[in-house]
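Visitor: Please see the structure below; I have some questions.
The values are calculated or read from the model by the stated rules, or taken from the named source; none is laboratory data. Computed from a predicted model, the values in this text were never measured in an experiment. Quick reminder, even Gly has a Cβ in these numbers, built from the backbone with ideal geometry, and neighbours come from all protein chains shown. Just so you know, the surface numbers come from the protein's heavy atoms only, side chains and all, with ligands and any DNA or RNA stripped out. Shrake-Rupley method; radii C 1.70, N 1.55, O 1.52, S 1.80 Å.
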Amino acid sequence: MDGFSYDAVLVGGCGHVGLPLGLAFAKNGMRVALYDISADAVEHVSRGEMPFMEEGADRILKELAGKRIFATTNPQVVSEAGSVIVIIGTPVDEHQNPEPHKVVDAVRELGRYLRPNQLLVLRSTIYPGTTALIEAVIDDLGLDIDIAFCPERIAEGRAIQELFELPQIVSSRTQKGFDRASELFSLLTAKVVRLTPEEAELAKLFTNTWRYIKFATANQLFMIAENFGLDYETIRRGVSEDYPRAADLPSAGFAAGPCLLKDTLQLAAFNNNEFILGQAAINVNEGLPYFIVSKLARKHKLGSLKIGILGMAFKGESDDTRSSLAYKLKRVLRYRAGEVFTTDPYIEGDPDLLPLEEVLENSDLLIIASPHQIYREIVTATPMVDFWGLRGPKSGL
Ligand SMILES: NC(=O)c1ccc[n+]([C@@H]2O[C@H](COP(=O)([O-])OP(=O)(O)OC[C@H]3O[C@@H](n4cnc5c(N)ncnc54)[C@H](O)[C@@H]3O)[C@@H](O)[C@H]2O)c1
């Protein structure tokens, strides 16, 4: 189209958000380039192999790699696409401060590759105000480029399905930018929701913060029930049975991963650190591993106990360890327990991980830290802690 070799280039295109989106576009006929600084991820994708788990993605990548989807570490490819979609990570630093300049700096660096008439879509979760900063960067280049912020709202692992089902929030300062971005995403979804860029920036942070606070509510109620010697999951099921107003009360569990905590921190920083509910949610969710260990310490002599942790990913059926609270649990137990063993069927590259059988055989106590479905089926006489309610009511704490 318009003299460009690709319909779209995805910057950060081999990551957890970029790659499924690229595959979804390619599946629906677009020619897609993935630009990424990770040579390892680019090599994987070029070989037609997913660098991480994502349901339904392997098949599409195998079919389309080298045909409609091309991965590269060469930024020059940014010049060759009609739409440039930026999906690089937006981290918080080691002191939990958001680093909003990362996306702005990345776009500034791409500046020399941008061309007139391109559509620039920001898709990273960004600190409020970032779209305006990027508009200023593009303005300085003096190129006629349309800009839109269109946040990603998929759940990792279900992207391929959800990209085709969820409405897409589209925001742009101009009608032309809105029309072009809407046309791009209409290839995937029938429904576009229009907001202003500033509304869309907050909308994305509100989405994740709302979810994080909901999980914290469940985790706090779980702790209250446990402190009274009662089982939260039994109560939760009783409360929500045929009662729609409580149907969305979550089970207890580790609320972790690359987005929920980070985005709650971003919103707190944006509001001058005044975000009591968000900060309380962080205390509750990040405190759950400590609660579990202190509860166990009341019942057992931890120092003489061998504890097996089942599942180290941040959530079930995932190989993603980013900000996983299973690792926090491991760290806390390492101080307190006799020995700690860990296992996970999906994670590669963690030298501490042992086969499940070995952990089952050698542990005095088991804790399900990540609710992988295979742990439902385990038959063992070893006591098991299951605060997720994966195997049914009774946490075993
Ligand atoms: N993971 C999720 O479920 C999810 C959901 C919605 C939104 N988001 C947001 O999407 C963004 C990306 O998250 P992710 O989970 O895909 O992260 P990720 O780390 O999996 O992917 C980011 C990719 O960008 C690449 N990259 C980093 N800097 C780059 C640069 N300057 N140029 C080119 N490539 C670069 C990295 O190598 C990596 O492959 C974040 O802002 C995140 O908050 C994530």
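Visitor: Across segment 25-52, what is the number of residues that are in contact (Cβ under 8 Å) with a residue 60 or more places away in the chain and either outside the structural domain of Leu163 (by TED's automatic domain parsing) or in a loop (DSSP other than H, G, I, E, B) (or both)?
Guide: Matching residues across segment 25-52 total 4.
Visitor: Need the failing condition index for Leu360 against (1) surrounded by 15 or more Cβ atoms within 10 Å (Cβ to Cβ); (2) of a type outside the set (Val, Ile, Thr); (3) under 30 Å from Thr90 (Cα atoms), just the number.
Guide: For Leu360, the failing item is (3).
Visitor: Output the residues belonging to segment 20-43 that are of a type in the set (Val, Ile, Thr) and more than 22 Å from the chain's Cα centre (by Cα).
Guide: Passing the criteria: only Val32.
Visitor: Filter segment 53-72 for residues that are open to solvent by less than 20 Å² (accessible area, probe 1.4 Å) and touching a residue at least 60 places away in the same chain (Cβ under 8 Å); which is farthest from Ala24 (Cα to Cα)?
Guide: Checked segment 53-72; the qualifying residue farthest from Ala24 (Cα to Cα) is Glu54.
Visitor: Restricting segment 21-52 to residues that are of a type in the set (Val, Ile, Thr) and open to solvent by less than 20 Å² (accessible area, probe 1.4 Å), which is farthest from the ligand (Cβ to nearest atom)?
Guide: Only one residue tops the list, namely Val32.
Visitor: Please indicate, with yes or no, whether at least one residue in segment 81-96 is in the same structural domain as Tyr35 (by TED's automatic domain parsing), on the phi < 0 side of the Ramachandran plot, modelled with pLDDT of 95 or more and surrounded by fewer than 22 Cβ atoms within 10 Å (Cβ to Cβ).
Guide: Checking segment 81-96: at least one residue is in the same structural domain as Tyr35 (by TED's automatic domain parsing), on the phi < 0 side of the Ramachandran plot, modelled with pLDDT of 95 or more and surrounded by fewer than 22 Cβ atoms within 10 Å (Cβ to Cβ).
Visitor: Here's another thing I want to ask about it. Select from segment 131-143 the residues that are at pLDDT 95 or above and either closer than 17 Å to Ser83 by Cα or among the basic types (Lys, Arg) (or both) and list them in ascending order.
Guide: Answer for segment 131-143, where residues must be at pLDDT 95 or above and either closer than 17 Å to Ser83 by Cα or among the basic types (Lys, Arg) (or both): Thr131, Ile134, Glu135, Ile138.
Visitor: Does Gly18 satisfy the condition of being near the ligand (Cβ under 9 Å from one of its atoms) and either at positive phi or free of Cβ contacts under 8 Å to residues at least 24 places away in the same chain (or both)?
Guide: Values: near the ligand (Cβ under 9 Å from one of its atoms): yes; either at positive phi or free of Cβ contacts under 8 Å to residues at least 24 places away in the same chain (or both): no.
Here the answer is no, as Gly18 does not meet what is asked.
Visitor: Based on what the data block shows, is Gly22 touching a Gly at 6+ places or on another chain (Cβ under 8 Å) and not assigned by TED's automatic domain parsing to the domain that holds Arg322? Walk me through it before giving the result.
Guide: Details: touching a Gly at 6+ places or on another chain (Cβ under 8 Å): yes; not assigned by TED's automatic domain parsing to the domain that holds Arg322: yes.
Spelling it out, Gly22 is indeed touching a Gly at 6+ places or on another chain (Cβ under 8 Å) and not assigned by TED's automatic domain parsing to the domain that holds Arg322.
Visitor: Which residue pairs have Cβ atoms closer than 7 Å, lie 6 or more positions apart in sequence or on different chains, and pair a first residue in segment 223-236 that is among the acidic types (Asp, Glu) with a second residue that is not in a loop (DSSP other than H, G, I, E, B)?
Guide: As it stands, the answer is Glu226/Tyr232; Glu226/Lys295; Asp231/Ala225, since those pairs meet every condition given.
Visitor: If only one of Glu54, Glu49, Glu63, Glu43 is charged (D, E, K, R) and closer than 20 Å to Ser124 by Cβ, which one is it?
Guide: None of the other options fit; the residue is Glu54.
Visitor: Which one of these does Val86 not meet: (1) within 15 Å of the ligand (Cβ to nearest atom); (2) out of contact with any Asp or Glu (no Cβ under 9 Å at 6 or more places or on another chain); (3) without any contact (Cβ under 8 Å) to a residue 12 or more places away in the chain; (4) not hydroxyl-bearing (Ser, Thr, Tyr)?
Guide: The one condition Val86 does not meet is (3).
Visitor: Right, something else. Take the residues in segment 99-109 that are more than 8 Å from the ligand (Cβ to nearest atom) and among the hydrophobic types (A, V, I, L, M, F, W, C); name whichever of them is farthest from Leu21 (Cα to Cα).
Guide: Val104
Visitor: Considering segment 201-220 alone, what residues qualify as being of a type in the set (A, V, I, L, M, F, W, C) and either open to solvent by 70 Å² or more (accessible area, probe 1.4 Å) or touching a residue at least 60 places away in the same chain (Cβ under 8 Å) (or both)?
Guide: Leu202, Leu205, Phe206, Trp210, Ile213, Phe215, Ala216
Visitor: For segment 6-15: of the residues being more than 17 Å from Thr90 (Cβ to Cβ) and open to solvent by 10 Å² or more (accessible area, probe 1.4 Å), which is nearest to the ligand (Cβ to nearest atom)?
Guide: Here is the first cut: in segment 6-15, the ones more than 17 Å from Thr90 (Cβ to Cβ) are 6-9.
Restricting the remaining residues to those that are open to solvent by 10 Å² or more (accessible area, probe 1.4 Å) gives 6-7.
Working: Tyr6: 15, Asp7: 19 Å.
Per the stated criteria, the residue is Tyr6.
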